[in-house]
1. Can you tell me which residues in segment 31-53 are within 19 Å of Met87 (Cβ to Cβ) and aliphatic (A, V, I, L, M)?
2. Which pairs do you get when a residue that is outside any helix (DSSP H, G or I), found in segment 42-57, comes within reach of a residue that is hydroxyl-bearing (Ser, Thr, Tyr), reach meaning Cβ atoms under 7 angstrom, with the pair 6+ apart or on two chains?
3. Determine if segment 73-96 includes at least one residue that is farther than 11 Å from Pro28 by Cβ, assigned to a strand (DSSP E or B) and at pLDDT 95 or above.
4. Within segment 98-110, restricting attention to residues that are loosely packed, with under 12 Cβ neighbours inside 10 Å and modelled with pLDDT of 95 or more, which residue is farthest from Lys55 (Cα to Cα)?
Amino acid sequence: MKPSLRPLFQILAASALMLSLAAQAAAPKVIKKVPPEFPREAAQQSISSGVVKAKLSIDADGKVTEVAIVEAEPRRVFDKAVTRALMDWRFEASGEKQTHEVKLVFRNED
């Protein structure tokens with residue numbers, strides 16, 4: 001008789017959920033935030049708002065080593081400003097490499 005794999009899948013699903021919750025609970029603490037500048041080109045194109053979701057790679061010392069744009073609306077308008085700003089962010093040192101996602105909202109009130 002074949003042993004059932006259902007309990008194994010349930011255990012794996014529960015483990016994945018616990019890991020996901022642990023990752024959310026252990027979000028890195030920001031110790032330095034640099035706000036992105038509103039791009040002049042966006043204002044010239046009458047774009048007054050946008051949203052960018054970015055994934056950060058953070059080294060053991062809390063320094064951002066890479067920024068990847070995950071989503072952006074409008075596309076490619078705010079990417080450079082977000083990348084420049086996020087590369088200057090600093091996080092509390094954790095002793096290990098981490099990733100973290102942030103969502104930045106742009107509004108030009110001028």
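The values are calculated or read from the model by the stated rules, or taken from the named source; none is laboratory data. Computed from a predicted structure; not experimentally measured. We place every Cβ from the backbone using ideal geometry, glycine too, and count neighbours over all the protein chains shown.
1. Ile31, Val34, Val52
2. These pairs meet every condition: Lys55/Thr99; Leu56/Thr99; Ser57/Thr65; Ser57/Thr99.
3. yes
4. We begin by selecting, within segment 98-110, every residue loosely packed, with under 12 Cβ neighbours inside 10 Å; these are 103, 105, 107, 109-110.
Next, only the ones that are modelled with pLDDT of 95 or more stay: 103, 105.
Details: Lys103: 9, Val105: 15 Å.
Ranking the candidates gives Val105 first.
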